[in-house]
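Asks: Starting off with a structure, shown below.
The values are calculated or read from the model by the stated rules, or taken from the named source; none is laboratory data. Given the structure is predicted, the values throughout are model-derived calculations rather than measurements. Here Cβ is always computed from backbone atoms with ideal geometry, including for glycine, and neighbour counts include all displayed protein chains. The accessibility values were calculated without ligands, DNA or RNA, using every heavy atom of the protein model including side chains. Shrake-Rupley method; radii C 1.70, N 1.55, O 1.52, S 1.80 Å.
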Amino acid sequence: MITILFIFLLICSFLCLYRISKGPSPGDRVVGIDILGIIVVNFCTIITYLTKVDFYMNIALSWALLSFIGTLAVSKFLEGKGFDE
Amino acid sequence: MKRGILTFLLFIAWIFLTWPFGKEIDWQVLVVGFFISILSGYIFGEGFTESPHKFFGFKRYLWAIAYIPVLIYWCIIANLDVAYRVLHPNLPIRPGIVKVKTRLRSKSGLTVLANSITLTPGTMSVEIDSNGYLYIHWIYVKTDDIEKATEMIVRKFEKILERIFE
Amino acid sequence: MREILSLIFMIVGGFFNLFGCIGLVRLPDIYNRLQASTKCVTLGTCLTLLGMMINGPLNSSLKGFLCAIFILITAPTAAHALSRASIKAGINLWEKSVVNKLKEEEK
């Protein structure tokens, strides 16, 4: 059953990679990167479920934080303002 | 006051992250967490909230608990809706940006309202005006009238959010 | 029993993730893509975390709870920031769109 889940998530990440490489506007690429970050959180959760090692949840938490901050920074950059707003 | 509330919340988050179940409590970790939360609460407390006295209204927490099932229900409906639109071979979408009006005024209430609108069927908040108008991207536009769109999108959350945040 | 329940939650979450990513590829413009992917991936991740929380070590359950709350707050905020940035950057809606109140008011 877990194998099916891994295959789903792999398909998801390949679809995101397709959108990142193809996307006509820069915004589309950023959407792909954002969704890819959340898919990585899914991977970490499933590895925690399989191995019962607590450490992977720390990676998931910090990955979610950093992906969010990166998306905000890039969107401010696209908006054409400085980073200080 | 603001700083005290923020310190308390940060310390609770620290306890969530480092509580050792089944082992002895490590006092060093707790003390370090306490000082770190005092430091960051002191630095970042100024821009934390507008009206700290709202944290002590007990009824607000009850309404917040009552808000969670509403949000989960609309979230599941939204996901089934997206699945239908995505898997349909003809892509039944009719997108557009509409304008709605809200009665909420406080900043945190507007934030929670915008996030809830993004999680509910077919709508995503794009821009917030200072006069209480929201611009919303709708994946299947049923009406572009302000009153009707407000009735369809905002009302179901506003009634509860008013009691939590106003 | 708990294992079966958590597996069911995780599989349903995986399906929702898949729908979101299919929407990311199939839909025509950036706003529709943001809608589909943000909604589906947020609920899918929360369901996966819930499945882990039901049948996992207690430490990771608390961390998973924090992570779910965090994703529920941040994913719509990131979508809002991105859509506002693309409006400001001048990316137009899909050509078959019906109304655009934001553009009508600028004129």
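Asks: Consider B:GLY41 carefully, then state whether it is within 14 Å of chain C (Cβ to nearest Cβ) and open to solvent by less than 70 Å² (accessible area, probe 1.4 Å).
Replies: Values: within 14 Å of chain C (Cβ to nearest Cβ): no; open to solvent by less than 70 Å² (accessible area, probe 1.4 Å): yes.
No.
Asks: Would you confirm whether or not the range C:66-86 contains a residue that is modelled with pLDDT under 85, within 11 Å of chain B (Cβ to nearest Cβ), open to solvent by 50 Å² or more (accessible area, probe 1.4 Å) and over 30 Å from A:PRO24 (Cα atoms)?
Replies: no
Asks: Still on this structure: Would you check if there is a residue in the range B:107-126 being more than 14 Å from chain C (Cβ to nearest Cβ) and either at pLDDT 85 or above or out of contact with any strand residue (DSSP E or B) (no Cβ under 6 Å at 6 or more places or on another chain) (or both)? Talk me through it step by step, then tell me what you get.
Replies: Filtering the range B:107-126 for residues more than 14 Å from chain C (Cβ to nearest Cβ) gives B:109.
Then drop every residue that is not either at pLDDT 85 or above or out of contact with any strand residue (DSSP E or B) (no Cβ under 6 Å at 6 or more places or on another chain) (or both), which leaves B:109.
For the range B:107-126, residues more than 14 Å from chain C (Cβ to nearest Cβ) and either at pLDDT 85 or above or out of contact with any strand residue (DSSP E or B) (no Cβ under 6 Å at 6 or more places or on another chain) (or both): present.
Asks: A further question on this structure: Residues in the range C:32-43: is at least one of a type in the set (A, V, I, L, M), touching a helix residue (DSSP H, G or I) at 6+ places or on another chain (Cβ under 6 Å) and more than 9 Å from chain A (Cβ to nearest Cβ)? Let's see the steps before the verdict.
Replies: Within the range C:32-43, the subset of a type in the set (A, V, I, L, M) is C:34, C:36, C:41, C:43.
Those left that are additionally touching a helix residue (DSSP H, G or I) at 6+ places or on another chain (Cβ under 6 Å): C:34, C:36, C:41, C:43.
Okay, now just the ones that are also more than 9 Å from chain A (Cβ to nearest Cβ), so C:36, C:43.
Taking every residue of the range C:32-43 in turn, at least one turns out to be of a type in the set (A, V, I, L, M), touching a helix residue (DSSP H, G or I) at 6+ places or on another chain (Cβ under 6 Å) and more than 9 Å from chain A (Cβ to nearest Cβ).
Asks: Considering the range B:82-107 alone, what residues qualify as being farther than 14 Å from C:GLY23 by Cα and open to solvent by 60 Å² or more (accessible area, probe 1.4 Å)? Full working, then the answer.
Replies: Narrowing the range B:82-107 to residues farther than 14 Å from C:GLY23 by Cα: B:94-107.
Answer for the range B:82-107, where residues must be farther than 14 Å from C:GLY23 by Cα and open to solvent by 60 Å² or more (accessible area, probe 1.4 Å): B:ARG94, B:LYS101, B:ARG103, B:ARG105, B:LYS107.
Asks: Against the definition (at pLDDT below 85 and surrounded by 15 or more Cβ atoms within 10 Å (Cβ to Cβ)), how does B:GLY132 come out, yes or no? Step through it out loud before you land on a result.
Replies: Details: at pLDDT below 85: yes; surrounded by 15 or more Cβ atoms within 10 Å (Cβ to Cβ): no.
Taking the combined requirement at face value, the residue does not satisfy it.
Residues are listed down the side, and each one gets a yes or a no for (1) touching a Lys or Arg at 6+ places or on another chain (Cβ under 8 Å); (2) open to solvent by 50 Å² or more (accessible area, probe 1.4 Å):
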| position | (1), (2) |
| --- | --- |
| A:LEU9 | no, no |
| A:ILE39 | no, no |
| A:THR45 | no, no |
| A:PHE55 | no, yes |
| A:LEU61 | yes, no |
| A:SER67 | no, no |
| A:LEU72 | no, yes |
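Asks: Pairs, please: C-beta under 7 Å, at least 6 apart or cross-chain, first residue within 16 Å of C:LYS39 (Cα to Cα) and in the range B:136-155, second open to solvent by 70 Å² or more (accessible area, probe 1.4 Å)?
Replies: B:TYR140/B:ARG94
Asks: Taking the stated definitions as given, is C:ARG26 among the basic types (Lys, Arg), surrounded by fewer than 20 Cβ atoms within 10 Å (Cβ to Cβ) and within 7 Å of another protein chain (Cβ to nearest Cβ)? Before you say what the answer is, go through the steps one by one.
Replies: Values: among the basic types (Lys, Arg): yes; surrounded by fewer than 20 Cβ atoms within 10 Å (Cβ to Cβ): yes; within 7 Å of another protein chain (Cβ to nearest Cβ): yes.
Against the criterion (among the basic types (Lys, Arg), surrounded by fewer than 20 Cβ atoms within 10 Å (Cβ to Cβ) and within 7 Å of another protein chain (Cβ to nearest Cβ)), C:ARG26 qualifies.
Asks: Among B:ARG3, B:ARG60, which is open to solvent by 60 Å² or more (accessible area, probe 1.4 Å), within 22 Å of the chain's Cα centre (by Cα), in contact (Cβ under 8 Å) with a residue 12 or more places away in the chain and farther than 25 Å from C:MET53 by Cβ? Outline the logic, then answer.
Replies: Working: B:ARG60 fails: open to solvent by 60 Å² or more (accessible area, probe 1.4 Å).
Result: B:ARG3 is the single residue among B:ARG3, B:ARG60 that is open to solvent by 60 Å² or more (accessible area, probe 1.4 Å), within 22 Å of the chain's Cα centre (by Cα), in contact (Cβ under 8 Å) with a residue 12 or more places away in the chain and farther than 25 Å from C:MET53 by Cβ.
Asks: In the range C:45-84, how many residues are among the polar types (S, T, N, Q) and in contact with a strand residue (DSSP E or B) (Cβ under 7 Å, 6 or more places away or on another chain)?
Replies: From the range C:45-84, those among the polar types (S, T, N, Q) are C:45, C:48, C:55, C:59-61, C:74, C:77, C:83; that's our starting set.
Narrowing the set further to residues that are in contact with a strand residue (DSSP E or B) (Cβ under 7 Å, 6 or more places away or on another chain) leaves C:83.
The total comes to 1.
Asks: Keeping to the range B:12-38, report how many residues are open to solvent by less than 50 Å² (accessible area, probe 1.4 Å) and of a type in the set (Phe, Trp, Tyr).
Replies: So the count comes out to 0.
Asks: Return the residue satisfying two criteria in turn: it lies in the range B:135-166 and is among the aromatic types (Phe, Trp, Tyr) and more than 8 Å from every other protein chain (Cβ to nearest Cβ), and of such residues it is surrounded by the fewest Cβ atoms within 10 Å (Cβ to Cβ). Steps first, answer last, please.
Replies: Taking the range B:135-166 and keeping what is among the aromatic types (Phe, Trp, Tyr), we get B:135, B:138, B:140, B:157, B:165.
Then drop every residue that is not more than 8 Å from every other protein chain (Cβ to nearest Cβ), which leaves B:138, B:140, B:157, B:165.
Numbers: B:TRP138: 27, B:TYR140: 15, B:PHE157: 21, B:PHE165: 21.
Ranking the qualifying residues of the range B:135-166, first place goes to B:TYR140.
Asks: Any idea which of (1) within 7 Å of chain C (Cβ to nearest Cβ); (2) touching a helix residue (DSSP H, G or I) at 6+ places or on another chain (Cβ under 6 Å); (3) without any contact (Cβ under 8 Å) to a residue 40 or more places away in the chain is the one A:ILE47 doesn't satisfy?
Replies: Looking at each condition in turn, A:ILE47 falls short on (1).
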